[in-house]
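The values are calculated or read from the model by the stated rules, or taken from the named source; none is laboratory data. All figures in this text were calculated on a predicted structure; none of them were measured in a lab. Cβ: placed from backbone, ideal geometry, glycine included. Neighbour counts: every protein chain shown.
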Amino acid sequence: MSSDDSTLSLEAPPESVGGSALTSPAPHAPPAPMSDPARPLPMTDAAAPRPADATPLATPPAASPRPFSLRGIPPIPLLLSAALFAVLFERPFELLVKDWWSNPEAGHGLLLAPLAVYFAWKLGIAPDARPNRLVGGLLLLAAVFFRYLSDLAAELFTMRGSMIMAAAGLTVWYFGFRQLLRWWLPFALIALSVPLPELILNRIALPLQFTASKIGAGLLAWRDIPVMLTGNVIRIPGHQLFVAEACSGLRSLTALLSLGVLLGAITLTYPINRVLLLLISIPVAIVLNGVRVFLTGFLVFFVDPALGEGFMHITEGWLIFLVAFLILGGVAWALLALERFVASRRAGAMSDSKAVLDA
């Protein structure tokens with residue numbers, strides 16, 4: 001600046017001070033020309049109107065489930081939870097596995113338990129899974145309470161049920177209630193693998209025995225075979241058939257219920273169709289067990305009495321169960337076709353209404 005402070009000097013600033021170059025400030029950009037008010041401003045791609053037949057903008061994909069992983073959970077609480085679970089429920093788990101292995105009424109647990117673990121891993125963690133300490137803690141407290149009471153009363157069914165409740169509580173504690181709903185199939189399969197108490201089994205088995213005897217005797221009489229029914233004992237000329245508890249159809253009923261749950265979860269979408277498939281499996285099991293009794297009496301009367309026992313009798317039961325499986329699969333296929341038909345009708349109605357609105 002000159003001696004006069006009111007005037008600016010036109011001299012350039014020094015280029016270096018102490019050997020370091022100083023860059024001069026960048027010159028100001030010329031001001032943008034004023035746009036003509038009568039001229040419309042150019043529209044960006046987002047604001048530009050789209051023709052009616054243009055392809056709609058892609059919606060962001062839905063969040064996919066996270067794979068099953070325990071990362072992100074603090075290791076010390078996780079190890080402590082696993083250790084306490086093992087200490088509390090080691091005895092009921094050991095007795096349950098022994099029943100699966102040695103009790104014919106509970107042998108399906110050897111198949112259902114690995115399937116439950118597989119489906120839990122396959123379904124993964126829900127994208128919106130969040131821990132719910134309150135509900136999870138209440139479930140865990142209830143599980144410990146029932147575990148203690150069942151140990152005092154030596155009641156195995158409640159003891160095993162408390163183990164499943166504790167697993168549900170840990171799921172809610174670490175992942176939230178939505179994750180428990182997401183894993184409904186694994187928990188349902190584990191629950192079906194637990195044998196019912198003997199008191200309930202006896203109350204169910206006896207009516208099933210009588211029903212199978214009535215169906216079998218009715219079919220034998222339909223085939224003009226002289227028959228007399230007394231409770232669960234069928235008398236035909238020269239032979240007497242006793243429908244024992246093992247032939248009550250309880251095993252096939254339990255297996256078909258498990259199969260109905262599995263088929264409904266894999267093939268069907270609507271819960272009401274899954275419940276309907278489950279309900280249909282009950283009369284299918286009962287009727288086919290009565291047909292098995294009829295076939296046994298028919299073969300004993302016309303072919304050979306040895307066909308009513310031993311290997312042939314067991315093989316006959318497996319064949320009847322295979323028929324029941326095919327029937328249940330056919331019902332599931334019919335319900336699936338109904339769901340697809342309803343979905344196509346809804347899609348057609350929505351497209352028609354959209355065309356009317358566009359017009």
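Within segment 213-247, the set of residues being of a type in the set (D, E, K, R) and surrounded by fewer than 12 Cβ atoms within 10 Å (Cβ to Cβ) comprises just one member, 224.
The residues listed here are 181, 138, 185, 199; of these, the one that is assigned to a helix (DSSP H, G or I), at pLDDT below 95 and more than 16 Å from the chain's Cα centre (by Cα) is 199. Select from segment 72-95 the residues that are small (Gly, Ala, Ser) and within 19 Å of residue 125 (Cβ to Cβ) and write down the one among them that is surrounded by the most Cβ atoms within 10 Å (Cβ to Cβ). This residue is 81. Taking each residue of segment 179-207 that is over 20 Å from residue 115 (Cβ atoms) and looking for partners that are in a helix (DSSP H, G or I) and hydroxyl-bearing (Ser, Thr, Tyr) with beta-carbon atoms closer than 9 Å, six or more apart or interchain, yields 197/158.
Do we find a residue being modelled with pLDDT under 80, within 24 Å of the chain's Cα centre (by Cα) and not hydrophobic (A, V, I, L, M, F, W, C) anywhere in segment 104-111? Looking for residues that are modelled with pLDDT under 80, within 24 Å of the chain's Cα centre (by Cα) and not hydrophobic (A, V, I, L, M, F, W, C), one finds at least one in segment 104-111, hence yes.
Of 290, 310, 260, which residue is among the small types (Gly, Ala, Ser), over 22 Å from residue 195 (Cα atoms) and at pLDDT 90 or above? Result of the check over 290, 310, 260: 290.
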